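Here, each number is a calculation from the coordinates, and none is a lab measurement. As the structure is a computational prediction, the values presented were derived from the model and not from experiment. We place every Cβ from the backbone using ideal geometry, glycine too, and count neighbours over all the protein chains shown.
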Amino acid sequence: MSAPPDLETNRINLSWLLRLRTGEIVMQLTAVMVAEAWGFDLSLNPILLLIGVEAASNLAAAAWLRRAQTVRPAALGIVLTFDVLCFTALLSLTGGPYNPFSFLYLIQIALGAVILSPLASFGLALLCFASFAGLFTWHIWLPLRGYELGPHELHHLRSHVQGMWIALAVASGFIVYFLQRVRRSLALREEELFRANDLARRNERLASLATLSAGAAHELATPLSTIAVVARELQRRMETGAGKPDWLEDVNLVRAQVDRCREILTRMALDAGENAGEAPERVPAAAVVTAAIADLNETPRVVVELDGAGDSGLYVPPRALAQALQGIVRNAQQASPPDQPVVVRARREGGEQVFEVQDRGPGMDAGVAARAGEPFFTTKRPGEGMGLGLFLARTTAEQLGGRVEIDSEVGRGTLVRLVVPCDDLPR
């Protein structure tokens, strides 16, 4: 089973973060060598030890990533927090706030804003701000060999660095705020695109089912008509005494089965897309429930609870919505024991009409519930269904701007909600 999308994203983010840390370690070593060659008086041993700790932590994190099944968001926060503390320690050994590379706090802040939650990213920005402030108290002055700053120059430099500290705070706030806004907007856009693509795939499947049903109806219509004509002729002969009396029962059975096949083909054609062109009408929610349960089996019995919403009006294609609800109720009947009723509820919640169907069947685990609604996916025994009822119900709901929700647990039964908007169009 693949990892959830958010956890997989965390794995990718951590992988790139470790690569970035590798480049950061190389740049730190290069900067130390350049500064030493330039003539700065560096404390090389603690600096190199600190860089070695960073490199060791990077190798350990890479080894952990290869073995880890999932990567939690906390792992990203821990790595970035460790980097900020190491960077602060390195700055304290190389001039503190007077080190020109102190602006690189902004890189840590920007990374946090991109890969962490809003609260965690603001926390990381606050840590950077506090770490920079601490450098004013704890740092090793980094003089250039043979050159000393005068009191006047040192005063101006300190004022400049304090201004940089304030600028860091302002820039941090803007960076975190706007990157988080952009990140949320992109996430919402990505979710909208996913839903649109998913709806397009469902519509394509629905069109394929419509074509299949039309083809099946066309191909089977002729032989069924021939069988019906022959059965009618045999029935007439039996009734006039031209054959054995016990043949009449068999002929009546053949005619009944032919009629049943025609009814099934008609229902397939309706379910597979004929309703797509049905004009919307204003219809009470109670009428939709009544039409949905009209042709269902008597067992298990269906209990209707309108919850005061029986007269709430909908502007929908009534037959399409009724058949969508009927498919859900039929599934509930097939899942429930004969002595346990199926409950159908209808109520209005704000601007939405909610139809709930509760069964007392065995329920579904999370894996089965996630696949419920896929065409031709069914847990029923052969001959009891093709796995299209819930798929067609969900497609109809989405075409009306609604949705189908499934709440199921093994041993508790299944609750399916068909939700459509209450469109207050012409009365």
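Let me see the P(r) profile for region 310-367: every Cα-Cα distance counted, bins of 10 Å, each bin given as a percent of all pairs.
20, 44, 28, 7
Rounded to the nearest 20 debye, what is the charge dipole size of region 5-148 about its Cα centre when +1 sits on each Lys and Arg Cβ and -1 on each Asp and Glu Cβ?
That gives a dipole near 420 debye.
Please compute the alpha carbon radius of gyration of region 278-421, then divide it by the globular-protein estimate 2.2 N^0.38 Å. Two decimals is fine.
So the Cα radius of gyration is 0.98 times the expected 2.2 N^0.38 Å.
Can you tell me the equivalent ellipsoid semi-axes for region 5-148? Use √(5λ) from the Cα gyration tensor, largest first, whole Å.
30, 17, 11
So for each of 104-113, 188-197 I average, over its residues, the number of other beta carbons within 10 Å; can you give me the resulting order with the highest mean first?
Per-residue Cβ counts within 10 Å, averaged per peptide and sorted highest first, yield 104-113, 188-197.
Sorted by mean Cβ packing within 10 Å, highest first, what order do the peptides 396-405, 317-326, 290-299 take?
317-326, 396-405, 290-299
Starting from 0 in steps of 5 Å, tell me what percent of the Cα-Cα pairs of region 11-96 lands in each bin.
Result, from short to long distances: 3, 13, 24, 23, 15, 10, 7, 4, 1, 0 percent.
How would you rank 226-232, 357-363, highest first, on the average number of other Cβ atoms within 10 Å across their residues?
357-363, 226-232
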